Amino acid sequence: SIDAYESAKKAIIDLNKNYGITVILITHYMDEAAKADRIVVMDKGKLILDGKPRDVFSNVEKMKSIGLDVPQVTELSYELQKAGINIDTRILDVNEMVNAICQLK
C-alpha cells in the first residue's frame, strides 16, 4: 500500500540522515533516485556513471542508451534545450523547473 511505502521511505531517510547509516537502494524509479546523495549506474555488471544525481542525470543520452530514464523534469529540460531554448539540463525537480522557466526571456 501507499502508506507502507511512505513509511518505509521515511524510515530509510531517518536511518541515513539521523543515524549516519549508509543505505543502498536499488531502483528503476529515477525521481526517487534523484533524492540520493550518490548514484551508481551499472549495465551488465559494468560501472557506467557514478556521481551526484545532477551530474549523472544530465547524461540523458547515455542513460537512455542503456535503457534507463531520467527524472521527467530533467528529460523535459533536455528536450527544451534540444529545441533551442536556453535552459539548464541539470534540473531534478518541479520547483527547479518552474524557477528555470520563469527566468526564461
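The values are calculated or read from the model by the stated rules, or taken from the named source; none is laboratory data. As the structure is a prediction and not an experimental result, all values here were calculated from the model. Quick reminder, even Gly has a Cβ in these numbers, built from the backbone with ideal geometry, and neighbours come from all protein chains shown. Areas reflect the complete protein model, heavy atoms only, side chains present, ligands, DNA and RNA absent. Shrake-Rupley method; radii C 1.70, N 1.55, O 1.52, S 1.80 Å.
Here A36 fulfils each of the conditions (1) outside any helix (DSSP H, G or I); (2) at negative phi; (3) open to solvent by 60 Å² or more (accessible area, probe 1.4 Å) apart from (3). For the stretch 64-73, the criterion of a residue being without any contact (Cβ under 8 Å) to a residue 60 or more places away in the chain, polar (S, T, N, Q), part of a helix (DSSP H, G or I) and within 23 Å of A100 (Cβ to Cβ) is satisfied by at least one position. Restricting attention to the stretch 74-89, the residues being of a type outside the set (V, I, T) and under 22 Å from K35 (Cβ atoms) number 5. Of all residues in the stretch 94-105, those satisfying the criterion of being outside any helix (DSSP H, G or I) and open to solvent by 80 Å² or more (accessible area, probe 1.4 Å) are Q103, K105.
Scanning the stretch 45-93 for residues that are over 20 Å from I26 (Cβ atoms), surrounded by 14 or more Cβ atoms within 10 Å (Cβ to Cβ) and of a type in the set (A, V, I, L, M, F, W, C) gives V60, V73, L76, L80, I87, I91. Within the stretch 13-42, residues that are under 18 Å from K62 (Cβ atoms) have Cβ atoms under 7 Å from residues that are at pLDDT 90 or above and open to solvent by 100 Å² or more (accessible area, probe 1.4 Å) in these pairs: R38/K52; V40/L47, counting only partners at least 6 apart in sequence or on another chain.
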